[in-house]
Amino acid sequence: MDNHFFHLVKHSPWPLLIALNLINSITSITKLILNSSSLMCFFFVFISVLIMIQWWRDVIRESLYEGSRSLKINYMIGSGMIFFIVSEICLFSSFFWMYFYYGLSPDMETGSVWPPFKITQMSFMDIPLLNTMILLMSGFFITWAHYNLTMNSFKNSMINLMMSILLGLYFLVIQGYEYMNSSISFNDSVFGNSFFILTGFHGLHVMIGLIFLVVMMLQLIKKKFSFMNMNGFEYSIWYWHFVDIVWLFLYLTVYWWGM
């Protein structure tokens, strides 16, 4: 028996595999942008999902069946999740910095105006407003699911969590529809670059958040949560609210102010 509060993790192949696969994913995304070749991109995303499933399976197994979690360890894991979200905030801050840099001081190549000359403006009252309402409603349902879980109402919690997942999927469908019908392309000067980088990276984080929520849904169906043990569920809520807040900033800056 260990005489300390810490958990010394076992040897695991998943960190190395996910790191190598992310390198391949970045390469395939670059190929997608340059050559419109999406096969390799979807392949490496699929492999990433498989690795994430296996990795989370091991983490859940350590927590539920091996007794490797204590209050001290849960506190440290929660702190790690907070620092991870802070690092994501820094990532999006750099993208918003880029957008404001070019938006507040447009150069001659963009016609000295923002959006650049001959760029068809997009109404912030159209699809972007719909997506905003969808994501906010998704955040409301996942918060309600957490409240129901604290009340030991598993059925209502599952219903609300399912509604949150479905609204997240609907958000991605509407976002894809906007891309397909948009008059802006990635090659439309720095405006097109910044628009698709910001909205695309946000969409990627929505996908990651949905995977997180689906894993929590499976755990909830198997009744592996209780009002005393729901750390993973709370971490997924933190991440989903982070995605909500980023979209609000994106809506106000890119769609409302930028257009």
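The values are calculated or read from the model by the stated rules, or taken from the named source; none is laboratory data. Note that this is a predicted model, so its numbers are computed, not measured. Cβ: placed from backbone, ideal geometry, glycine included. Neighbour counts: every protein chain shown. The area values use the complete protein model at the heavy-atom level, side chains included, leaving out ligands, DNA and RNA. Shrake-Rupley method; radii C 1.70, N 1.55, O 1.52, S 1.80 Å.
Of the Cα atoms belonging to the chain, the radius of gyration and Dmax stand at 20.6, 70 Å.
For Tyr170, Tyr255, Tyr75, give me the order by solvent-accessible area with a 1.4 Å probe, most accessible first, ignoring ligands, DNA and RNA.
Correct descending sequence by accessible area is Tyr75, Tyr170, Tyr255.
The His11 and Phe140 beta-carbon pair, evaluated with R₀ = 35 Å, returns a calculated FRET efficiency of approximately 0.25.
Model label sites at Ile33 and Met151, defined 7 Å from Cα along the beta-carbon direction, differ in position by 4.7 nm.
Gain in length, His241 to Ser79, computed as 0.36 nm per residue apart minus the alpha-carbon separation, to one decimal in nm?
56.7 nm
Label zone of Ile211 (point 7 Å out along Cα→Cβ, amide N under 16 Å): in region 138-171 this covers 169. In the full protein context, the chain carries 59 Å² of accessible surface per residue, based on a 1.4 Å probe and ignoring ligands, DNA and RNA. Ranking Trp257, Gly176, Leu39 by how far each Cα lies toward the positive end of the dipole of the chain (charges on Cβ) leaves Leu39 at the top.
The alpha carbon convex hull volume per residue for region 20-86 rounds to 93 Å³.
This model, with +1 at the C-beta of Lys and Arg and -1 at the C-beta of Asp and Glu, gives region 78-255 a dipole about its Cα centre of some 760 debye. For region 78-255, carbon and sulfur atoms together expose 73% of the accessible surface, with a 1.4 angstrom probe and every protein chain in place. Taking only protein heavy atoms and a 1.4 Å probe, the accessible area of region 14-68 is 74% carbon and sulfur.
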